[in-house]
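**Q** Before I ask anything, here is the structure I am working with.
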Amino acid sequence: MTDFLDFVDLCERQLRLSGVHEGERVAIVSKGDERLDYADAFMAAARRLGAPTYHVRLPGGSGAGGSLASLQVGATPLSGNPAATEALKQSDLLIDLVFLLFSAEQMDIQATGTRILSVVEPVEVLREMFPVPGQKERIDHGVELLRRASELRVTSPFGTDVTYRLNTFPVVPEYGFNDRPGEWDHWPSGFLFTGGDEDGVDGTVVIAPGDIVFPFNAYVRTPITLTVEHGRIVDVRGELDALLLREYMASFGDPDAYGISHIGWGMHERARRTSLAVDFKGIGMEARATYGNVLFSTGPNGELGGSNHTACHVDVPLHGCSLLLDGEPVIVDGDIVVPEMKAAQ
Ligand SMILES: [Fe+2]
């Protein structure tokens, strides 16, 4: 009981940070028997703040898509359920316990002005990676730099040298809370991203030993060399890890699986790259948001407004890289070098 009340307290802090006030409608969406305790905690927290709240529970089971285990995205239990979707559109803040990311229904809900906060990680991770004071301001500085840039380049001692032309897509911050109408965020987070022009990503990405491939949820032990031309992966070369990645991508039978998705960097100073080695927790936001990493990804860019809606999405936090915007260094050898973006040590 004490644990539950502690979690209600944490959810209340989250709702306050997300701008919930008396009279705002807070909806919760869940699937099957997953995270029902989260739904109860958020409803209790919303009631403390005088916010009317309700919970839409969708059927679970396999075949519903949106699987967190593989982090396949796109189809969700909301697909083909317009009545449930309509109910969620009536809210000001939607707590998403399903992980609706990249789904058409999420876009529809946001278009009505509803803001969405996805919450799927274990409670310990939510607590440990609760937004840090000042972090939003540091992320916002990065957002400004990225918005102004027309070229993003990533290099590494392992052989990565890839360039993204940036003329098309918005820059998306993830603060770990959400007080912005019509926007999406994810607790926990602490990074930012954009996307390269669909035909504007070229070069080589070397996924080095110690980097992580999601959804494998494993550290790479042998280098994987990806050749990217005009925004498409044209070659995946290496030993065992490359073989696995090549087979995984091919299993979708979808040419769009070879597209390039978001690119950005982590800024959460409490996130540990080693989290996966110590203990597998949730979907790995810690490893994605690790301070100074570069988060490279492949597959869909629909969330940014692009045309690629493939279900094959691979996230790869790259360590030890340098990242330059229009030739100006932002990260050097895995460390953020822009003073306004540096975390207090
Ligand atoms: Fe991703």
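The values are calculated or read from the model by the stated rules, or taken from the named source; none is laboratory data. In this text, all values refer to a predicted model and were calculated from it rather than measured experimentally. Ideal geometry is used to build each Cβ from the backbone, glycine not excepted, and the neighbour counts take in all protein chains shown. Only protein heavy atoms, including side chains, enter the accessible area calculation; ligands, DNA and RNA are left aside. Shrake-Rupley method; radii C 1.70, N 1.55, O 1.52, S 1.80 Å.
**Q** In region 55-66, which residues are crowded, with 16+ Cβ neighbours inside 10 Å and either at pLDDT 65 or above or farther than 28 Å from HIS309 by Cα (or both)?
**A** Those that are crowded, with 16+ Cβ neighbours inside 10 Å and either at pLDDT 65 or above or farther than 28 Å from HIS309 by Cα (or both): HIS55, VAL56, ARG57, LEU58.
**Q** In region 288-301, what count of residues is obtained for those that are in contact with a Phe, Trp or Tyr (Cβ under 6 Å, 6 or more places away or on another chain) and within 12 Å of the ligand (Cβ to nearest atom)?
**A** 2
**Q** From the list ALA104, ALA46, ALA69, ALA87, which residue is at pLDDT 95 or above and either open to solvent by 20 Å² or more (accessible area, probe 1.4 Å) or more than 22 Å from ASP179 (Cβ to Cβ) (or both)?
**A** Every option except ALA87 fails the conditions.
**Q** Okay, next question. Name, by its number, the condition in (1) within 20 Å of VAL120 (Cα to Cα); (2) in contact (Cβ under 8 Å) with a residue 24 or more places away in the chain; (3) over 15 Å from the mean Cα position of the chain (by Cα) that does not hold for ASN308.
**A** Looking at each condition in turn, ASN308 falls short on (1).
**Q** A follow-up question, please. Please indicate, with yes or no, whether at least one residue in region 316-325 is in contact (Cβ under 8 Å) with a residue 12 or more places away in the chain, within 13 Å of the ligand (Cβ to nearest atom), of a type in the set (Val, Ile, Thr) and under 20 Å from LEU166 (Cβ atoms).
**A** yes
**Q** Residue by residue through region 252-271, note down the ones that are touching a residue at least 24 places away in the same chain (Cβ under 8 Å) and out of contact with any strand residue (DSSP E or B) (no Cβ under 6 Å at 6 or more places or on another chain). Let's see the steps before the verdict.
**A** So in region 252-271, the residues touching a residue at least 24 places away in the same chain (Cβ under 8 Å) come out as 252, 254, 256-271.
Once the filter is applied, which keeps residues that are touching a residue at least 24 places away in the same chain (Cβ under 8 Å) and out of contact with any strand residue (DSSP E or B) (no Cβ under 6 Å at 6 or more places or on another chain), region 252-271 yields PHE252, ASP254, ASP256, ALA257, GLY259, HIS268, GLU269, ARG270.
**Q** For the subset of region 260-287 comprising residues that are small (Gly, Ala, Ser) and within 11 Å of the ligand (Cβ to nearest atom), which member is nearest to ALA343 (Cα to Cα)? Even if it seems obvious, please write down each step before you answer.
**A** Of region 260-287, the ones small (Gly, Ala, Ser) are 261, 264, 266, 271, 275, 277, 282, 284, 287.
Filter once more, so that each one left must be within 11 Å of the ligand (Cβ to nearest atom): 261, 264, 284.
Details: SER261: 27, GLY264: 17, GLY284: 21 Å.
The qualifying residue nearest to ALA343 (Cα to Cα) is GLY264.
**Q** Report whether or not GLU151 is touching a Phe, Trp or Tyr at 6+ places or on another chain (Cβ under 8 Å) and open to solvent by less than 10 Å² (accessible area, probe 1.4 Å).
**A** no
**Q** Which residue pairs have Cβ atoms closer than 8 Å, lie 6 or more positions apart in sequence or on different chains, and pair a first residue in region 289-303 that is closer than 20 Å to THR204 by Cβ and modelled with pLDDT of 95 or more with a second residue that is acidic (Asp, Glu) and more than 9 Å from the ligand (Cβ to nearest atom)?
**A** Qualifying pairs under 8 Å: GLY299/ASP256.
**Q** Give region 159-172 a look and list any residue that's surrounded by 19 or more Cβ atoms within 10 Å (Cβ to Cβ) and either at positive phi or at pLDDT 95 or above (or both), or say none. Let's see the steps before the verdict.
**A** Within region 159-172, the subset surrounded by 19 or more Cβ atoms within 10 Å (Cβ to Cβ) is 160, 162, 164, 166, 169, 171-172.
Correct list: THR160, VAL162, TYR164, LEU166, PHE169, VAL171.
**Q** While we're on this one: Going residue by residue through region 199-206, is there one that turns out to be farther than 26 Å from GLU151 by Cβ and either touching a His at 6+ places or on another chain (Cβ under 9 Å) or open to solvent by 20 Å² or more (accessible area, probe 1.4 Å) (or both)?
**A** The answer is no; no qualifying residue exists.
**Q** Now for a separate question. If you scan region 74-84, which residues turn out to be open to solvent by 10 Å² or more (accessible area, probe 1.4 Å) and within 16 Å of the ligand (Cβ to nearest atom)?
**A** GLY74
**Q** Moving on. Hey, VAL330 hits all of (1) within 25 Å of ASP108 (Cα to Cα); (2) more than 16 Å from the ligand (Cβ to nearest atom); (3) not hydroxyl-bearing (Ser, Thr, Tyr) but one; which does it fall short on?
**A** The single condition VAL330 does not satisfy is (1).
**Q** Let me ask something else about it. Are any residues in region 9-24 under 25 Å from the mean Cα position of the chain (by Cα) and surrounded by fewer than 19 Cβ atoms within 10 Å (Cβ to Cβ), and if so, which ones? Full working, then the answer.
**A** Here is the first cut: in region 9-24, the residues under 25 Å from the mean Cα position of the chain (by Cα) are 9-20.
Passing the criteria: ASP9, LEU10, ARG13, ARG16, LEU17, GLY19.
**Q** Can you name the strands (runs of 3 or more DSSP E) wholly within region 235-342 that have at least 3 residues being surrounded by 21 or more Cβ atoms within 10 Å (Cβ to Cβ)? Before the answer, list the steps.
**A** Numbers: elements: 260-266, 294-298, 314-318, 322-325, 328-332.
The qualifying strands (runs of 3 or more DSSP E) are 260-266, 294-298, 314-318.
**Q** Can you name the residue in region 207-221 that is open to solvent by less than 10 Å² (accessible area, probe 1.4 Å) and within 16 Å of the ligand (Cβ to nearest atom) and, of all such residues, is nearest to the chain's Cα centre (by Cα)?
**A** Applying the filter and picking the extreme gives PHE214.
**Q** Within region 92-110, identify whether any single residue is in a loop (DSSP other than H, G, I, E, B), of a type in the set (D, E, K, R) and more than 16 Å from the ligand (Cβ to nearest atom), and answer yes or no.
**A** Yes, region 92-110 contains a residue that is in a loop (DSSP other than H, G, I, E, B), of a type in the set (D, E, K, R) and more than 16 Å from the ligand (Cβ to nearest atom).
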